[in-house]
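To start, the structure itself, in structure tokens.
The values are calculated or read from the model by the stated rules, or taken from the named source; none is laboratory data. It should be emphasised that the depicted structure is a prediction, and the values quoted were computed from it without experimental measurement. Note that we place each Cβ from the backbone using ideal geometry, even for glycine, and neighbour counts take in every protein chain shown. Side chains are part of the model used for accessible areas, which takes the heavy atoms of the whole protein and leaves out ligands, DNA and RNA. Shrake-Rupley method; radii C 1.70, N 1.55, O 1.52, S 1.80 Å.
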Amino acid sequence: MMHYNNKKGFALPVMIFLMVVVTLLIGYMARIQSSQAAVSGLRIQSTRVFWAAKAGTEWAAFQLINNPSCAAATGSLTINGFQVSVSCNSNSYTEGGSTVFMFEVTALAQNAVPVDSLDYVSRQVTTVLHVEI
């Protein structure tokens, strides 16, 4: 009686299938890790650009304390590689015999890469200051 073993070579296609599946999983995980690294880098840049904008408003506040005029608190700065544009609007009123100036300072900070770049970040911070003379 002759018995034929038709199951020879069955392990080879299963192993090839498993290798392809594992390779695809590894590729997918590498892509996710790369995306996470890019997002983490943008978060750090976003935080840094926020603080650059905040520093722009602090600079304007210092200028306004020394010279209560929007001309003194308007300008462009470079803070840690970020371009910061500071603008100012003012109103004044009299209260109890003294003049009170109200300044609205807006600082727009952005990194130097083009706006359509994937690495572009910008933040705008507005602060209202009351200066009594």
Q.
Give all pairs with beta carbons closer than 7 Å in which a residue from the range 62-89 that is free of Cβ contacts under 8 Å to residues at least 12 places away in the same chain meets a residue that is hydroxyl-bearing (S, T, Y) and open to solvent by 40 Å² or more (accessible area, probe 1.4 Å); count only pairs at least 6 apart in sequence or on separate chains.
A. S76/S85
Q) If you scan the range 74-83, which residues turn out to be open to solvent by less than 40 Å² (accessible area, probe 1.4 Å) and not hydrophobic (A, V, I, L, M, F, W, C)? A) G75
Q: Keeping to the range 53-107, report how many residues are in a strand (DSSP E or B) and of a type in the set (A, V, I, L, M).
A: 8
Q. Can you name the number of the only condition in (1) assigned to a loop (DSSP other than H, G, I, E, B); (2) surrounded by 11 or more Cβ atoms within 10 Å (Cβ to Cβ); (3) modelled with pLDDT under 85 that V131 fails?
A. (1)
Q.
Condition first: in contact with a Lys or Arg (Cβ under 9 Å, 6 or more places away or on another chain) and open to solvent by 40 Å² or more (accessible area, probe 1.4 Å). Now tell me which residues in the range 52-73 satisfy that.
A. K54
Q: Being open to solvent by less than 100 Å² (accessible area, probe 1.4 Å), of a type in the set (A, V, I, L, M, F, W, C) and at pLDDT below 90 narrows it down to one of V49, V21, V86, so name that one.
A: V21
